[in-house]
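Asks: Following this message is one structure expressed as structure tokens.
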4 protein chains.
Amino acid sequence: MIKAGIIGATGYAGAELVRLLLGHKEVEIKWYGSRSYIDQKYASVYQNMFQLVDASCMDDNLNELAKQVDVIFTATPQGFLASVLTEEILKQVKIVDLSADYRIKDAAVYEKWYGIEHKSPQFIEEAVYGLCEINREKVKGARLVANPGCYTTCSILTAYPLVKEGLIDPDTLIVDAKSGTSGAGRGAKVSNLFCEVNENMKAYGVASHRHTPEIEEQLGYAAGREIVINFTPHLVPMNRGILATEYASLKRKADGSLPSSEEIRAVYDKYYAEEKFVRVLDAGVVPETKWVEGSNFVDINFKIDERTGRIIMMGALDNLVKGAAGQAVQNMNLLFGLKESEGLELVPMFP
Amino acid sequence: MIKAGIIGATGYAGAELVRLLLGHKEVEIKWYGSRSYIDQKYASVYQNMFQLVDASCMDDNLNELAKQVDVIFTATPQGFLASVLTEEILKQVKIVDLSADYRIKDAAVYEKWYGIEHKSPQFIEEAVYGLCEINREKVKGARLVANPGCYTTCSILTAYPLVKEGLIDPDTLIVDAKSGTSGAGRGAKVSNLFCEVNENMKAYGVASHRHTPEIEEQLGYAAGREIVINFTPHLVPMNRGILATEYASLKRKADGSLPSSEEIRAVYDKYYAEEKFVRVLDAGVVPETKWVEGSNFVDINFKIDERTGRIIMMGALDNLVKGAAGQAVQNMNLLFGLKESEGLELVPMFP
Amino acid sequence: MIKAGIIGATGYAGAELVRLLLGHKEVEIKWYGSRSYIDQKYASVYQNMFQLVDASCMDDNLNELAKQVDVIFTATPQGFLASVLTEEILKQVKIVDLSADYRIKDAAVYEKWYGIEHKSPQFIEEAVYGLCEINREKVKGARLVANPGCYTTCSILTAYPLVKEGLIDPDTLIVDAKSGTSGAGRGAKVSNLFCEVNENMKAYGVASHRHTPEIEEQLGYAAGREIVINFTPHLVPMNRGILATEYASLKRKADGSLPSSEEIRAVYDKYYAEEKFVRVLDAGVVPETKWVEGSNFVDINFKIDERTGRIIMMGALDNLVKGAAGQAVQNMNLLFGLKESEGLELVPMFP
Amino acid sequence: MIKAGIIGATGYAGAELVRLLLGHKEVEIKWYGSRSYIDQKYASVYQNMFQLVDASCMDDNLNELAKQVDVIFTATPQGFLASVLTEEILKQVKIVDLSADYRIKDAAVYEKWYGIEHKSPQFIEEAVYGLCEINREKVKGARLVANPGCYTTCSILTAYPLVKEGLIDPDTLIVDAKSGTSGAGRGAKVSNLFCEVNENMKAYGVASHRHTPEIEEQLGYAAGREIVINFTPHLVPMNRGILATEYASLKRKADGSLPSSEEIRAVYDKYYAEEKFVRVLDAGVVPETKWVEGSNFVDINFKIDERTGRIIMMGALDNLVKGAAGQAVQNMNLLFGLKESEGLELVPMFP
């Protein structure tokens, strides 16, 4: 059995990790780290775990934890892991970091968008960006995996094949994303109260959201050059789910015509036909977040607009699963040579 | 592998059966019966099953189905099963009926509350009321299991130990129940439209809901005599979950005092300490539907009101799981001698 | 124009007062008191007021405010008004208190249920309980009006005629109430976060909620003696609305029969036929909270259960209007001799 | 008093018209037309109107109605008005049509996007597109007003000043709009059931929604030439509210620089500073649908992205008020020379 520790186990992403790992046959959770609830029963914080988890919350001492487990998941605020990580720790344990600390290769970009100093830039280079469908082989040999953000996972996977194959002009890419509220975390803020969110919608982080450079970097690799995009997240009154609607101009063929739907679909199939967790839907079926709820799936589809020459791509996932904890488990499976879908064969729950 | 057929597979309870059985290691679904969608891909009706279920919908020919499978789940409108069931069928296959056709032992009571004639009263006697925690042994040897209603499962399990042990006066029992909207089914009715249900609450079926006689019959067995109760269901703007708040007068002891909380708790423990799916919560923790969502748990707790001499009992479950499909699978496990929790070890999903 | 001041203007009840008073032809708001937002634009706290309210928030100096206005609304935490109220203030200004400070005539009962010392019990006697439909004449001459609680307004008005006329046994009264989340206020608490409330239901304050003694006192006046009842509030995932489902045993007539529906209806009509804000619905129509949303209406109906001899009474209101700010305005109208419905002729908003 | 008739009074837009007109001092509703509910009490269909509306539903005989009233509102399916309108009717009565029949000047475009033949193209020319803020003067003298669509009102008003002043390149315009579910109407469809919409999001009508040509036509007038855009509507789990997020490339100045935020704001102010119902929010405040709920406001703001050279414009309105019934009343006020805001001075309801 793989021994796992979670730092930040009482946030929503941490709690989802617990839910998934309890159903994982090869893993045992040894450490429920939560600075705010030390010594309290974990199940008193998340009553769904009553009689399923008997443990109490522990502190966030990474050095101590590294001695006791095989893998550490850090579902912590930005900057935490970077401030405590050492070579000593990495020699003892694999780390899957759900924060943004090692996602961006350029520390200056990280510091600009996150507004904090990066305390251990020496590990950035070796960290592997854990978008499994794209970086599978690199993840397998990693010590430190930077688990992608929820918006980014959805945004990148939805556009990746078309960027990679040069079918769209990446400079025209606009990502309009909508998220359920669990993405905002469990912090007690007026703006996240039921009465403020319910029956309401808004954009936020307009032209300034931190997932922007992450999307740009990864799609830039696919494009073979640096790109800038527009990314606008929105808050929607639901618990779980991200829907990304993406717009880009299709590159015309030599004869001036647009690629056909069949050609586009063939490109998606090339990348995703064998991917268990990416479902390219049948023609005419739009992705809906409810159909992937509770699962590790990303559902994707597209529509070509002949009138404007643009393609509208759509992707949907559960922000706490494929957008956080599920992908973290997928990365862990790769790290330890397990079946990639182990513990993740979850049928979406509807309604 | 046990071969299973589902009649009514495209209703919400039927779809939940599919979700659960897909995760059950000993069962294979061979028949997705749905009169409305014959020959259509099941996954086109429930997109969450895309790439998970390849089958198309079949008709509801029970005679044909009985030859092909080991167990049939009927998630059908009241009266359907009663109108087609034969001894011939029952000789070939086990049946778990999620409708009300065989729940009530007195056909006249059934006909009065449901307003339809019972077409096969000859099977009522042998049908076993499939509330596993109470009728476990009887279920094991049954051919025909009457799977309890969602409200009834919650209402009965919450009060059962106190009625059985004579701690409350059953004639004072009032059940005020609240349900999410999936209990109303997938029929296209104005009253179930999003805009009519959202931001709204109401009672319905006041003093006339069909689950009333079912609760009365089962708690009557526990009380050792016939009882009448008040049962009022309410519609609440959420997808899943039933919360039952139950009121009854405690019987005073010889010295005129009320039983203590410890005494009440001991009685609950006597019945449920060994039950995997019934969780009696710690003192002071109220059941919340969200903490059991997606799982087969019933969470129960109580509070004594010294001022009025009443006890307030509370129970919460997911109406589609323990209130329907989960309990049906639990019954199937008993019927076939499998581990009772097989396929049902689901961690509740939060948030 | 009547000059009004609001202390606690940035809570949900305070904001609803602002909404209603902006539409009131005889009133001008002169003071938006909010300790937390002093000197900030009121419309920056409640963006719905953008371009409608230009004022900034003021402190909660009641002495100063009393000199400037004709009426003060206090939508403040329990204990605040009791700790600052003086005879000097009452000589200058009318006060409508939306807190519980002067609702309960017995200071000891107040102190027991609220857990705080009452700092100015000398004003309790003269305070008028502002349930307009019952205490209309007393309110007219008052200096200090104790505006009833949201649950209490709904619970009392729903049962009052039957208690007053002796048709039910008040000791059998059980009130099972359900509320939207705005009743929990705008404080930043984890338990009120969107993800915790959405898709969830629970009881709270079981056998201990502070509105219990308030209901008991008022219905006790109607019954002509002290009574104790069970009152259980529940939290429901919606913004506004309270639904009270009330159970009581009907008193049988000399011949052992129950009163008929027509007799019960006649009693309701006796009390409410002339009441603009109490709507006794047609037979068979249940109150739904959505149908009164945004308005000052209470919708009421009932059903007799011949089997148990009980009556089920149901009442619905908007907790922020008739349950708080609307009733406060109604009281103000009475205090100043205005038309009672002035500023309150709001058509409920659906959907 | 102006006498008004409503055809389609039992749809959501029709019901909102009733709500607004009941609060309008100069109007009396004489005809509640509803083919589905003829002779039934209007208040039995919309219980919020109980004791406020005593009338029963009438048929949709426009010829008869024209004789009895001064203005007719048609909140009817596409094609209805076009199939019954005559010169005779227009000579007797003003018409505000909430359907799309006369919004588009080119009948061929209408027929292509709506898939039905236009039965009275002879009235298209004289019909005035009733977007009051833009066509105010034309509306005043009209007989037939084509009330704009909900999405279109929001989309156009949000972008109009910048298109009109040539600050953005209209061919780059992308409108990503999100709507509450009341926009889908009160028809009983599975896809609009609570359980299907709740906790769910999806795009629909991708690259094919009927409001596209309407936006293009009106913004084309502003641009001074034909334009094509991308418009993608989304369904969101809430009752009311539309949020439009719009993207366009800013035209660079001669020196290659982008216009400043101050310059953009000045342009918005030029068009909207005097508009009562258009609120350009303070810098940094994003429009949220909840802040305009129940009111006739459109809230607008924008953000420049220096990195991509695009501007992100955002607009929010209540689809049933400014997006339908409120705008219809505003048009009626203009038609009859009343104060434009009469009956529309509604404070948004929060929460």
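The values are calculated or read from the model by the stated rules, or taken from the named source; none is laboratory data. Computed from a predicted structure; not experimentally measured. Here the Cβ is made from the backbone with ideal geometry for all residues, glycine too, and neighbour counts use every protein chain on show. With ligands, DNA and RNA removed, areas are computed over all heavy atoms of the protein, side chains included. Shrake-Rupley method; radii C 1.70, N 1.55, O 1.52, S 1.80 Å.
Asks: Could you please find all residues in region A:171-197 being open to solvent by 10 Å² or more (accessible area, probe 1.4 Å) and in a loop (DSSP other than H, G, I, E, B)?
Replies: Matches in region A:171-197: A:GLY185, A:ARG186, A:GLY187, A:ALA188, A:LYS189.
Asks: Let me ask you something else. Having 2 or more residues that are touching a strand residue (DSSP E or B) at 6+ places or on another chain (Cβ under 8 Å) is the bar; report the helices (runs of 4 or more DSSP H) wholly within region C:65-170 that clear it.
Replies: In region C:65-170, the matching helices (runs of 4 or more DSSP H) lie at C:80-84, C:87-92, C:132-140, C:150-164.
Asks: What number of residues within region B:194-208 are hydroxyl-bearing (Ser, Thr, Tyr) and more than 7 Å from chain C (Cβ to nearest Cβ)?
Replies: 1
Asks: If you don't mind, there's one more thing I want to ask. Of the residues in region A:13-33, how many are part of a helix (DSSP H, G or I) and open to solvent by less than 10 Å² (accessible area, probe 1.4 Å)?
Replies: The number of residues fulfilling the criteria is 7.
Asks: Scan region B:156-175 for residues that are away from chain C (no Cβ under 14 Å) and hydroxyl-bearing (Ser, Thr, Tyr) and jot them down.
Replies: Hit for region B:156-175 is B:TYR160, nothing else.
Asks: Assuming D:ASP70 fulfils every condition listed in (1) open to solvent by 10 Å² or more (accessible area, probe 1.4 Å); (2) more than 21 Å from D:GLU216 (Cα to Cα); (3) in contact with an Asp or Glu (Cβ under 6 Å, 6 or more places away or on another chain) apart from one, which condition is it?
Replies: Of everything listed in (1) open to solvent by 10 Å² or more (accessible area, probe 1.4 Å); (2) more than 21 Å from D:GLU216 (Cα to Cα); (3) in contact with an Asp or Glu (Cβ under 6 Å, 6 or more places away or on another chain), D:ASP70 misses just condition (3).
Asks: Quick check: anything in region C:207-226 open to solvent by 30 Å² or more (accessible area, probe 1.4 Å) and assigned to a strand (DSSP E or B)?
Replies: No, every residue in region C:207-226 fails to be open to solvent by 30 Å² or more (accessible area, probe 1.4 Å) and assigned to a strand (DSSP E or B).
Asks: In this structure, does B:VAL292 turn out to be touching a strand residue (DSSP E or B) at 6+ places or on another chain (Cβ under 9 Å), closer than 26 Å to B:ALA146 by Cα and either acidic (Asp, Glu) or more than 14 Å from chain C (Cβ to nearest Cβ) (or both)?
Replies: no
Asks: List the number of the failed condition for A:ASN333; all other conditions in (1) away from chain D (no Cβ under 14 Å); (2) open to solvent by less than 10 Å² (accessible area, probe 1.4 Å); (3) touching a Pro at 6+ places or on another chain (Cβ under 6 Å) hold.
Replies: The failed condition is (3).
Asks: Another question about this same structure. Quick one: which of B:GLY79, B:GLY5, B:GLY14 is in contact (Cβ under 8 Å) with a residue 40 or more places away in the chain and within 13 Å of another protein chain (Cβ to nearest Cβ)?
Replies: B:GLY14
Asks: Where the second residue is in a loop (DSSP other than H, G, I, E, B) and of a type in the set (A, V, I, L, M, F, W, C) and the first is more than 14 Å from chain B (Cβ to nearest Cβ) and lies in region C:176-193, which pairs have Cβ atoms under 7 Å and are six or more apart or on separate chains?
Replies: Listed pairs, sorted by first residue: C:ALA188/A:ALA188; C:LYS189/A:ALA188.
Asks: I'd like to know if region C:229-245 contains one or more residues that are in contact (Cβ under 8 Å) with a residue 12 or more places away in the chain, away from chain B (no Cβ under 11 Å) and open to solvent by 10 Å² or more (accessible area, probe 1.4 Å).
Replies: Within region C:229-245, none of the residues are in contact (Cβ under 8 Å) with a residue 12 or more places away in the chain, away from chain B (no Cβ under 11 Å) and open to solvent by 10 Å² or more (accessible area, probe 1.4 Å).
Asks: When only residues in region D:153-170 that are open to solvent by 10 Å² or more (accessible area, probe 1.4 Å) and closer than 18 Å to D:GLU274 by Cβ count, which is farthest from the chain's Cα centre (by Cα)?
Replies: Once the filter is applied, the top-ranked residue is D:GLU165.
Asks: Considering A:THR308, A:THR289, which residue is closer than 14 Å to A:SER179 by Cβ and of a type in the set (Ser, Thr, Tyr)?
Replies: Residue meeting the stated conditions: A:THR289.
Per-residue answers, yes or no, for (1) open to solvent by 10 Å² or more (accessible area, probe 1.4 Å); (2) not hydroxyl-bearing (Ser, Thr, Tyr):
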{"site": "B:LYS94", "(1), (2)": "yes, yes"}
{"site": "B:ALA100", "(1), (2)": "no, yes"}
{"site": "B:ALA108", "(1), (2)": "yes, yes"}
{"site": "B:GLU111", "(1), (2)": "yes, yes"}
{"site": "B:PRO121", "(1), (2)": "yes, yes"}
{"site": "B:ILE124", "(1), (2)": "no, yes"}
{"site": "B:ILE134", "(1), (2)": "yes, yes"}
{"site": "B:ALA142", "(1), (2)": "no, yes"}
{"site": "B:TYR151", "(1), (2)": "no, no"}
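Asks: Additional query: In region D:266-302, how many are surrounded by 14 or more Cβ atoms within 10 Å (Cβ to Cβ), in contact (Cβ under 8 Å) with a residue 24 or more places away in the chain and not aliphatic (A, V, I, L, M)?
Replies: Residues in region D:266-302 being surrounded by 14 or more Cβ atoms within 10 Å (Cβ to Cβ), in contact (Cβ under 8 Å) with a residue 24 or more places away in the chain and not aliphatic (A, V, I, L, M): 17 in total.
Asks: Among the residues in region B:246-257, are any touching a residue at least 40 places away in the same chain (Cβ under 8 Å) and under 30 Å from B:ASN192 (Cα atoms)?
Replies: Yes, the conditions are met somewhere in region B:246-257.
Asks: Among the residues of region C:247-256, is there at least one that is of a type in the set (Asp, Glu) and either open to solvent by less than 10 Å² (accessible area, probe 1.4 Å) or not assigned by TED's automatic domain parsing to the domain that holds C:SER182 (or both)?
Replies: Within region C:247-256, none of the residues are of a type in the set (Asp, Glu) and either open to solvent by less than 10 Å² (accessible area, probe 1.4 Å) or not assigned by TED's automatic domain parsing to the domain that holds C:SER182 (or both).
Asks: Counting only residues that are among the hydrophobic types (A, V, I, L, M, F, W, C), give me the strands (runs of 3 or more DSSP E) lying completely in region C:264-351 with at least 3 of them.
Replies: Qualifying strands (runs of 3 or more DSSP E): C:298-305, C:310-317.
Asks: Here is a further query. If you go through region D:244-275, how many residues are among the basic types (Lys, Arg) and under 23 Å from D:ILE215 (Cα atoms)?
Replies: The total comes to 3.
Asks: Here's something else I'd like to know. Yes or no: region A:82-91 includes at least one residue that is farther than 18 Å from A:ILE215 by Cα and either in contact (Cβ under 8 Å) with a residue 60 or more places away in the chain or under 20 Å from the mean Cα position of the chain (by Cα) (or both).
Replies: Looking through region A:82-91, at least one residue is farther than 18 Å from A:ILE215 by Cα and either in contact (Cβ under 8 Å) with a residue 60 or more places away in the chain or under 20 Å from the mean Cα position of the chain (by Cα) (or both).
Asks: For the condition within 12 Å of another protein chain (Cβ to nearest Cβ) and open to solvent by 10 Å² or more (accessible area, probe 1.4 Å), what is the one hit in D:GLY343, D:GLY309, D:GLY315?
Replies: D:GLY343
Asks: State whether one or more residues within region D:33-40 are in contact with a helix residue (DSSP H, G or I) (Cβ under 9 Å, 6 or more places away or on another chain), in contact (Cβ under 8 Å) with a residue 40 or more places away in the chain and closer than 25 Å to D:ILE116 by Cβ.
Replies: no
Asks: Tell me, please, whether a residue that is open to solvent by 50 Å² or more (accessible area, probe 1.4 Å) and more than 13 Å from chain B (Cβ to nearest Cβ) can be found in region A:45-52.
Replies: No, because not a single residue in region A:45-52 is open to solvent by 50 Å² or more (accessible area, probe 1.4 Å) and more than 13 Å from chain B (Cβ to nearest Cβ).
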